[in-house]
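Note sheet for the following structure.
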Amino acid sequence: MKAWTRHPAFHFLLLGVILCLGDLWMSSGDGTEPVRVLSVGPSRVEQLRGQWQAQAGRLPSAAEEDWLIRQWIDDELLFRQALELDLHRNDPGVCHRLILNMRFLGLDRSGAERQDPDRRALCRRAIKMGLHMGDPVVRRQMAGLMRIALQRSAVPQEISQQQLRDYVESHPARFREPERIRLSHVFLSRDRRAGTLEDDAQRLLRRLRQESVEPRQAVLLGDAFLAGHHLPMSWQRDLKRALGTQFASAVMDLPEKRWSGPVPSSYGLHLVWVHERLPGRLKPLQEVREQAALGVEAERAQQRLATAMQRLREQWEIRREED
Amino acid sequence: MALLATALAQECEGRGYSPTKNVYWGDLHTHTAFSFDAVTIGTRTTPRDAYQFAKGAAIGLPPYDQAGQPLRTTQLMRPLDFLAVTDHSEYFGEVRACLTCADPGVSPDECQNFQYSPLVCKALRQTVMNLNNPDGRNIAGALWGSKLFQRVPNRFPFTCGVQVGRSRADDIDVVDCPSLEASVWSEVKTIARDAYQPCEFTSFVAYEWTGTPQGNNWHRNVIFRNESVPGLPISYFESPQGEGGPVKLWRLLERECLEDTPGCDVLAIPHNSNIGLGLFPVPKTAEEAQTQIRFEPLAEIHQTKGNSECRWGVGTTDEECQFELLSRKQLFGNPVEGPTNYQDPSQSPMEAQQQGFELTAETGDTYNYFLRESLKAGLYLGQGLGINPYKTGFVGGTDTHNSTPGSTEEVGFEGQHGLEDNDIPKRLSLATSSGSDPAPSQAFLENNPGGLTAVWAEENTRDSIFDSLTGKETYATSGIRPVVRFFGGWDYPLDMCDQPDFAQMGYQSGVPMGSDLGARPAGDPSPRFAVMAMKDPDSELDARLQRIQVVKGWIDSQGVLHEQVFDVDSDPTEGPFPAHEDYVDLATCEAKPDTPGKDMLCTVWQDPQFDPSQSAFYYARVLQNPTCRWSTYQCIQLEQTEPENNCRQWLATPANADTAPGVIVGYTIQERAWTSAIWYEPK
């Protein structure tokens, strides 16, 4: 491929042209342009069915067929739009494909190309011959270029603080940080207290409550717990890792600053003191700004594409032809 | 002391940071549809799906129905804390080129009509399109994989780069693979960035280097500290065996990462020495040894394709060295021919050399075949070179080809290889055992769900976890999640296990797993090792711990290598231990009542035969009580629907019985953990 087609400046320029044309086209509609006609005939439907069958091994259902046809119509409209905007003339991917086709057809061997292996010339000749019209790969590629053009905005749009904040708030599942607690626990070992575990725990719990024993002192009244008795501020998943699911599920809702339990784990029983609890929160914007900005931009692109597709469809009358 | 000095990062104060470190669970070995050998067995999920799965989301597994919906799904019972997706870098560009004809908008269906269709691409597309055909063969996987067996492979000439015409004017650049490869690599980075949630979940930019010269699995997972990485991954094509293989990989990583990319840091983790026949190059100089240990401080000891700690009869008579072994010693084929094929375990490398045996990469199968052997060989090489090149810590991984990191549970094991092991008969290798043909191999029956890596780190961030990886403060497990601490020092109190601050004392008076013992103080003490293990708090069937062992390897003044395994804490307190059948009801896989075993084991052990003039290493191995192997659960499941099925008998049939004594897939296993070692070197 020619060096110039790979040069970033070329792509930049090309993109600029596409954006401008796309924008011109977007802003040109005043509802009075003539409605054009796109026909979907039985042979087209048959072809779509056949493609589906080749991949899926069965014929499409009525709903699937309807979806296939609508997809095809959208692609076709995009392809025709791209054609009007001459997107095929300078796209290196389209050119590449067309040259391969020329080669396959043996059409690259005429005198002119022998002397002048200029790929641009070859590409232009392919387009002149209309090779781009019938090639499914080229059509798909052009529809894709058109989609990208429609998703972009001609003018870079600022994203305000408020828009970022709104985005974070409307996606709580993604940006929510779960609740945390900090706890101490007095441990009673199943290994060491086989027969008396439950009784020991109840007795010790009564004593801790009656005598208001501080956690630092209290843990000395139980058994040694090798992973530690005073846990740092933890999410539930940290507690699961250290003490298992059963324990972690039971302690998140325990009251603060009093002795609770006995809470079972697979190691034995625990008397638990919750020091403090930090409620779950939406992460502050400064922690998630980059992710949120990407999200806003993706939503806007989808919106721009949807609006433009709607406009495009309105300019065409779709005729479903029966046999 | 060491602890406080390294506690630099505190990004996560109040959000998990702990000066005495937390254990974090992860998988450093995962393949997705970006890998040529995963996409050709029906895997459609990407690194993005793998990260979601690691965080707890469900994932689809092949086969897929005609509408593109997966017929199987799976989900982790417990999410992971970190993950490196390690797709094979060798065909990043080619896979993308062949499956999309270089255009992301084009379906494979349209590619079928792609007039210019190199055969290898065609093979790939046909393989992928025919996956649901029972007669379909993975032509592409075999064809593409075979390149990586060559000493100096070249890329398929007609897939990437230029197809040479009859004259220069006829040349056509077919597909611009480097730029496709760069775009895949950039996607790998972007996906890892999206998945990273400091303090909560760590993702690593990574890939697998897939050198397989002559069928030896010399693969390495290349893990980067952050997103400052070279523009393209360095694959086996750029560093083939004929040009040094792993040695060239390190050289290129040194240049392209450490020297040319600001902020770049990297390590390579070799895996499957069990089918590698000499996984580690043998350095000739101290400088080479230094480079080696710089880039490869860790090795993967356990994964779906077997265990690499040790093999009974290969340098050891340790009876626990019969765990999840494969009956072959290369990636494909080359069945094990019995222990006599290997070095006499009592013979030292020095004696062997006197008899004409040269320790080289080619003959390395004796000393490189299993990691315990390579740790021992490292003591020997270290004496000659002044630097021990094989001072490697341990990690574990799945090596899933289903985008399912951390899916290591025996119960409900779905296989790790797409459509090759997607149902019980395939997983039990029953498909190949029927009819008159004898089973060619028990490949999938011998596989296991794989292992996990545990990392002790201050917080869940890339820097903190990467520091712990390079510092080898890691342990590997066969898939379970017990909490294990292992410290070495000279003056730990013998009642340390009863102290409330075990970890703090461990760091203050000594070193953690993966380190060198500090200088020996006056008074000629023997080293002490403080080791504790808490059973997996969510273990299947509430399995308890049976024992902690310390494995010691050392080299004597004659250069003879030795090893000894000590049971240091156990229940019952002394062996012999009950037979596996006494723990498990083999008809149901239920645990039997009132078996021995502890929720926690802990001791301070002192080496009773320490000789300060001898280099040595010590690592801890923790054994869980016996439980059913995955294959037994699935055989029971099969018997319920097909009462006449003979899978039970099949499970008790040794693989290659006449050539590989000792290799047998048992009904039960003892899940386990291996800590990185602590080394002692005489001053």
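A few points about this structure:
- Taking one quarter of the surface of the C-alpha convex hull of segment A:216-290 gives a mean projected area of 6.2 nm².
- Positive-end extreme of charge dipole, segment B:525-627 - chosen from B:Ala587, B:Met600, B:Phe610 (charges on Cβ): B:Phe610
- Separation of segment B:568-598 from segment B:194-242 is 41 Å, based on Cα centroids.
- Counting, for every residue in A:87-94, the Cβ atoms of other protein chains within 10 Å of its Cβ and taking the mean gives 1.
- With viscosity 1.002 mPa s and temperature 20 °C, the Kirkwood radius over alpha carbon pairs of segment B:280-333 converts through Stokes-Einstein to a diffusion coefficient of 160 µm²/s.
- Which of B:Glu90, B:Glu181, A:Glu169 has the fewest Cβ neighbours within 10 Å, and the rest in rising order: A:Glu169, B:Glu181, B:Glu90
- Protection proxy ranking of B:518-528, A:65-75 - average other beta-carbon atoms within 10 Å, highest first: A:65-75, B:518-528
- Orientation-averaged projected area, Cα convex hull of segment A:249-323 (nm²): 12.9
- Centre separation in Å (Cα based) which lies between segment A:122-199 and segment B:256-285: 33
- Take each residue of peptide B:13-20, count the partner chain Cβ atoms within 10 Å of its Cβ, and average: the result is 4.
- Footprinting exposure proxy for B:Trp605, A:Trp316 (fewest neighbouring C-beta atoms within 10 Å first): A:Trp316, B:Trp605
- Taking packing as the residue-averaged number of other Cβ atoms within 10 angstrom, the listed peptides B:532-545, B:481-494 run from highest to lowest as B:532-545, B:481-494.
- Cα gyration tensor, segment B:465-524 - rounded (a/c under 1.5), prolate or oblate: oblate
- Inter-chain neighbour count for B:496-504: the average number of beta-carbon atoms from partner chains within 10 Å of each residue's beta-carbon is 3.
- For segment B:555-594, the C-alpha radius of gyration sits at 1.97 times the compact-globule guess of 2.2 N^0.38 Å, with N the residue count.
- As a proxy for reagent exposure, B:Thr470, B:Thr316 were ordered by neighbouring Cβ count within 10 angstrom, fewest first; the result is B:Thr470, B:Thr316.
- Global form of segment B:442-580, assessed from the alpha-carbon gyration tensor, a/c cut-off 1.5: rounded
FYI, it's all coordinate maths here, none of it is from the lab. None of these values were measured; they are calculated from a predicted model. Backbone-built Cβ (ideal geometry, glycine too); neighbour counts: all protein chains shown.
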